[in-house]
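Participant: To start, I am sharing the structure in question, which I have written as structure tokens.
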Amino acid sequence: MDITITRGGARAGAERAGTRNGYVHGYGAREAERLTTQADVLASLVHGDREAVGGPVTGRVLEAGCGTGAQTGHLLAVPGTRVDAVDLSAPSLTRARARHAEATAAGRVRWHRADVTDLPFPDASFDHVFGCFVLEHLAEPHRALAEWLRVLRPGGGLTVVEGDHGSTLLHPDSGAARAVIAGQARAQERAGGDAFIGRRLAPLVRGAGFGEVVV
């Protein structure tokens, strides 16, 4: 698990190519339940001691690849935070909007169907960009990072959370479990993603032009 918090100036005119990719996990009810469980299990790691990694995710926040809104609630738990949540899947956005109906009605969260590599926002629109398990599903993650940098205000922050299936440890070892993990990684690769992106996350973020990268 890599958590990268970066703080740096936004760069105008970053590359904005839109790339649509397949989501290897699908969009059914079981996947929505899995995302909720995953977000809750990781909450203390992702949203816990933020002072150790650059301060709280607050102000106007872009949530890139919000899915069914599993992470959105944790972002909204910070007082004063306003979230613009973006996803390409209409069914996922419908679930997310229903889950956070009260915050939606209060104007604390707005939902946008859009490609995370081609965002419908002006330059320097956000105080923070948050993406959790998004880049692993993109064929060209550097394009998304360039776009996120474009919409981030000078001095704003980026939080990126990604996994690395190669870091899995099993005890006792299980050939069947390893076969399942390897199969999922191959399926993700065929869909245009990278199940091992965690190990190269920091270089990707630095290469996109962000500074003060902490892993």
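Participant: Rounded to whole Hz and in sequence order, give me ³J(HN,Hα) for segment 136-143 from the Karplus expression 6.51 cos²θ - 1.76 cosθ + 1.60, θ = phi - 60°, writing x for Gly and Pro.
Facilitator: Coupling constants for segment 136-143: 5, 9, 9, 5, 10, x, 5, 5 Hz.
Participant: Roughly what % antiparallel, to the nearest 5, for the DSSP beta bridges in segment 75-215?
Facilitator: Counting only bridges with both partners in segment 75-215, antiparallel ones make up about 10 percent.
Participant: Given H placed on each backbone N at 1.01 Å, which residues far from GLY156 in sequence or on other chains put an amide H within less than 5 Å of it?
Facilitator: Those qualifying (amide H under 5 Å, at least 5 residues apart or on another chain) are GLY8, ALA10.
Participant: Continuing with this model, one more query. From the phi of every residue in segment 56-73, what ³J(HN,Hα) in whole Hz does the Karplus formula 6.51 cos²θ - 1.76 cosθ + 1.60 yield, where θ is phi - 60° and glycine or proline is x?
Facilitator: Going residue by residue, I get x, 7, 9, x, 8, 10, 9, 9, 8, x, 6, x, 8, x, 4, 8, 4, x Hz, with x marking Gly and Pro.
Participant: Once you have a ≥ b ≥ c as the square roots of the Cα gyration tensor eigenvalues for segment 56-152, tell me rounded if a/c is under 1.5, and otherwise prolate or oblate according to whether a/b is larger than b/c. Intermediate results must be reported in sequence, preceding the final value.
Facilitator: Details: a/c = 1.79, a/b = 1.27, b/c = 1.40.
Taking the square roots of the gyration eigenvalues as a ≥ b ≥ c, segment 56-152 is oblate.
Participant: Say each of ALA191 and GLU31 gets a label point 7 Å from the Cα, pointing the same way as Cα to Cβ; how far apart are those two points in nm?
Facilitator: The answer from the label model is 0.5 nm.
Participant: Tell me, what ³J(HN,Hα) does each residue in segment 101-107 have, in order and in whole Hz, if you take phi through Karplus 6.51 cos²θ - 1.76 cosθ + 1.60 with θ = phi - 60° and put x for Gly and Pro?
Facilitator: Per-residue couplings from phi come out as 4, 5, 5, 5, 4, 7, x Hz.
Participant: Continuing with this model, one more query. Please provide three numbers in whole Å: the alpha-carbon extents of segment 61-215 along the principal axes, with the largest listed first.
Facilitator: 50, 35, 27
Throughout, read-outs are computed from the coordinates displayed, never taken from laboratory work. If you're wondering where the values come from, they're calculated on a predicted model, not measured in any experiment. With ideal geometry, Cβ positions are generated from the backbone for all residues, glycine too; neighbour counts draw on all protein chains shown.
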